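A quick write-up on the structure given underneath.
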Amino acid sequence: MSGILPLKRRLTAVLSAFLVLAGAVAASAQDKRGQVTNLPLPRYVSMKAAEGNVRRGPSLTHRIDWVFKRRGMPLQITAEYGNWRKVQDRDGAGGWVHYALLSGVRTVLIESDMLPVYANPDPNSQVSAQFESGVVARLGSCTIDWCRISAGGYKGWTLKSNLWGVDPSEIRE
């Protein structure tokens, strides 16, 4: 019986150490930061340039797979290497883009057709505009459910769930 008690303690210690390590790994995955900028990963940016080559790897010697051709398009940065950022668009398509082609200005893509934009973050307030699906809008402040956006001289509030380029839990002032 005396041999069982130390074995239980050792197993408990091993299990406790495993749980602590698993918690640390989960926390570090949530707090992942870019090794170049020390900014959070993933994060959203937009295309600064009217055209941007998307490469298979982080250098000019890597093959160009396609070209992003929409200034202001929101992109998500998922990795960093030197002056290169691995990005993806709403459809998950992406690759490596030189950082000079990207901007920290936040934009979003409208995902619902004829999306109502309200004067206030309240569906009972006046509709100030309607945006078509695929419109790129500038992102303003966000609450837990609503974001203020602007495009084409129109501005207002819409539900965050209708936008790509902002995290569901993201709050902006």
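The values are calculated or read from the model by the stated rules, or taken from the named source; none is laboratory data. Note that the structure is a prediction, hence the values are computed from the model and not measured. We place every Cβ from the backbone using ideal geometry, glycine too, and count neighbours over all the protein chains shown.
When you go through Gly94, Gly72 one by one, which is the residue that is surrounded by 16 or more Cβ atoms within 10 Å (Cβ to Cβ) and modelled with pLDDT under 95? Write out each step before concluding.
Working: Gly72 fails: modelled with pLDDT under 95.
It is Gly94.
Considering the stretch 135-173 alone, what residues qualify as being under 14 Å from the mean Cα position of the chain (by Cα), within 19 Å of Gly92 (Cβ to Cβ) and either among the aliphatic types (A, V, I, L, M) or surrounded by 22 or more Cβ atoms within 10 Å (Cβ to Cβ) (or both)?
Passing the criteria: Leu163, Gly165, Val166.
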